Amino acid sequence: MRIGLLGTGNVARALATGWQGAGHDVVLGSRSPKERGEVPELDGFAVVGVREAAAHGGVLVNATPGTASVGVLEEIGAAALAGKVLVDVGVGFTEGMALSHPNYSLGEEVQAAFPELSVVKTLATVDSVVMKDPGSLEEAGTIFLSGDDDAAKGTVRLLLNDLGWTDASQLDLGGIGTARGQEHFALLFMGVAEAIGSYGFGIKVIRPRAA
């Protein structure tokens, strides 16, 4: 697939590494590549403007800070986003490290703002290392998907497979409204990370015993 990643930070580069290794054609998108000295490449990946990244990818990845994501997408424009799949991994925080979307989610905000874009929330409950290498965990964890478009979720499932997330490790939570649960987990994530001294952990849904 042709994938345009919006962002050039640790998350974008980790996912780009994983998907390029699986044979996908990836580019990184920056809002101001020239000013940041990110032309023509970063860690071996082509860096272009966000509009060019969006034009490159049939699948886009929102790896921008959650408080900036809608602005980045507005810069690209609704017409250029129509018909594409957006893998949304963003979580927004205020300067005081509170959630920027306390009563809803970034995923919902993006879907409402761009109704012709198919938003799938996933990978928001793990750090960048585990995103691209779930095998780094002692045992298989659970990763979640939220979105209104089943076909888009099917595409994202395949991309998760390519990162090492098996079908059994993926749990579809339902519509995009369930994205708020993924994003709000960030508060517990930070607590667990502090308690164990590492961000490199996962969570696993353990089902009840059969009656």
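The values are calculated or read from the model by the stated rules, or taken from the named source; none is laboratory data. Every value quoted in this text rests on a predicted model; they were computed, and no experiment measured them. Reconstructed Cβ throughout: ideal geometry from the backbone, glycine too, with neighbour counts over all protein chains shown. Ligands, DNA and RNA are excluded from the accessible area calculation, which covers all protein heavy atoms including side chains. Shrake-Rupley method; radii C 1.70, N 1.55, O 1.52, S 1.80 Å.
Taken one residue at a time, the phi angles of the stretch 92-107 give Karplus couplings (6.51, -1.76, 1.60, θ = phi - 60°) of x, 10, 7, 4, x, 6, 9, 5, 7, 10, x, 10, 7, 9, 4, x Hz. Gly and Pro are set to x.
A 1.4 Å probe over all protein chains sorts Ile203, Ile76, Ile196 by accessible area into Ile196, Ile203, Ile76, starting with the largest.
Every pair of different Cα atoms in the stretch 1-141 enters the Kirkwood calculation, which places the hydrodynamic radius at 15.3 Å. Using only alpha-carbon positions in the stretch 66-169, the gyration tensor eigenvalues give semi-axes of 24, 19, 11 Å once each is multiplied by 5 and square-rooted (largest first).
Heavy-atom accessible surface of the chain, averaged per residue, reaches 47 Å², computed with a 1.4 Å probe.
For the chain, the tally of Lys pairs with Cα-Cα distances below 19 Å comes to 7, considering only residues 8 or more apart or on different chains.
Rounded if a/c is under 1.5, else prolate if a/b is larger than b/c, else oblate: which is the stretch 112-211, with a ≥ b ≥ c the root eigenvalues of its Cα gyration tensor? Since a/c reaches 1.5 and a/b is larger than b/c, the shape of the stretch 112-211 is classed as prolate. Each peptide among 99-112, 43-56, 164-177 gets the average number of other Cβ atoms lying within 10 Å of its residues, and from highest to lowest they stand as 99-112, 43-56, 164-177. If the only charges are +1 at each Lys and Arg Cβ and -1 at each Asp and Glu Cβ, what is the size of the charge dipole of the stretch 82-129 around the Cα centre, to the nearest 20 debye? For this selection, approximately 120 debye.
Distant-in-sequence amide contacts of Phe93, defined by a placed amide H-H separation under 5 Å and a gap of 5 or more residues or a different chain, comprise Gly66, Thr67, Ser100.
Remark: the stretch 58-69, residue by residue, has Karplus-estimated 3J(HN,Hα) of x, 10, 10, 10, 8, 10, 9, x, x, 6, 10, 4 Hz, where x stands for each Gly or Pro and the curve is 6.51 cos²θ - 1.76 cosθ + 1.60 at θ = phi - 60°. Suppose R0 equals 25 Å; then what is the FRET efficiency for Ala140 and Ala210 from their Cβ-Cβ distance, rounded to the nearest 0.05? After rounding to 0.05, the efficiency reads 0.80. Estimated at 0.36 nm per residue, the fully extended path between Val129 and Ala98 surpasses their Cα-Cα distance by 8.8 nm.
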